[in-house]
Each structure stands twice: as C-alpha cells, then as structure tokens.
Amino acid sequence: MRLNPFRKDSDQVTGVTVSDTEESPTDAESAAARGRQAKTDRTPTRKEAEAARRNRVNPMLSPKEAKRRQRQVQTEERSRAMENRERAPEKVLLRDWVDSRRRLGEFLLPSLIVLLALQFTASVIPDMVWISTGLMYAFILAVIIDVTRMWRGYKRLLARKIPDANTRGLLMYGAMRATQIRRFRMPAPQVERGHQF
C-alpha cells in the first residue's frame, strides 16, 4: 500500500490507495507503450558529443577534399572580385561602346583559321603560302587600325560622360573585347548594334 496525497479517486480511503499490484488497464497500456518506445541507441558520452560538434563546426577533411574546398572558395572569391571590377562605370561604358558597333576584330579569329588552312594548299598552289601570309599580316594591321579608332572615339566619349575617370588598363581591355566574337564576350553585351550614346 502506498500513500499518494495527490491522487484523488474512488479507491483512496483517507489517503491510502489500493496496492500497486492492482494496476488499472490504462496504466498497463501506458507501460506497454513506453516499452515499445524505448530508444535503441546509446547516449553518447560528453567527449563524443563535443567531438561531433567540433566536426560539424570545423569538419576534419581529407587532404583531397580540403584542396577541393579551398579551390572552390578561391574561385568564388575571384568571381566576386571580378564582378566588383567589372562594375566600374568606365568599364561598363567601354563594353557598351565596343558592343555598339560591328568591329573588324570580331572576324580576326575566323579569318586567321581560313588563312592558315589555305597554307596547306601549298602543294597545289606553291605561291599560296606567301599570299596567305601577306593577307594575314594585312588583316592584323587593319584590326590594329580599327582598335585605334575605337579607342580614340571611346576617349572622347569618356571625357564627355565621366571626365575624371582613370583610363589605366582600359586600352588592352577594350582591344581584347573588340577582337572577340560578339557571342562569346563576357560579360554578355548589354546594348544592340547601332546604339547611340
């Protein structure tokens, strides 16, 4: 017999309950349910729990995985730095200026491939090597003249739009963009050909 001052039911007589051996059906069911829900995994020790937490915060990686993750972080940092550099207003204006007109440099790579292919016909036409080489140098000279004209026009535009802008490194940037095929330029062109400034 057990004293239970907090239990109030009909089986109590002045605070004395019925013996514990006579359990109600609900108590037996709840005990069976608790038995079914017993956990199967053991509780980890404090040392194991702290090690698991440290591994989540600062995971222990294999050398190969650490190198892969470091490369990924460096790539993301480089792309963020490049995006910041590409947002400079003078670079945006230069890209738009180059993309607004059809440049002779866009055809430099395809024409060089064709001219080099013509040199393989030297067995049939012996003078083709000299002809294709002369055409190649003439085309490169024409591209240099076109880039020079593009740069002069850009400097006039820049003086009008952004008077105090720094032009350091922009000539090579514009020349590289002008000699790329428009479809493959990065960042992608934002203006159509014929755009007026």
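Across segment 99-197, Cα pairs under 8 Å and at least six residues apart give a relative contact order of 54 percent.
A dipole drawn for segment 84-169 from +1 and -1 charges on Cβ atoms has a positive end, and of 169, 141, 131 the residue lying farthest that way is 169. Each Lys and Arg Cβ is given +1 and each Asp and Glu Cβ -1; about its Cα centre, segment 52-197 then shows a dipole of about 940 debye.
Rule-based calculations on the coordinates, nothing more; no lab input. This is a predicted model, so every value here is computed, not measured. Neighbour counts are summed over all protein chains in view; Cβ atoms, including those assigned to glycine, are modelled from backbone coordinates with ideal geometry.
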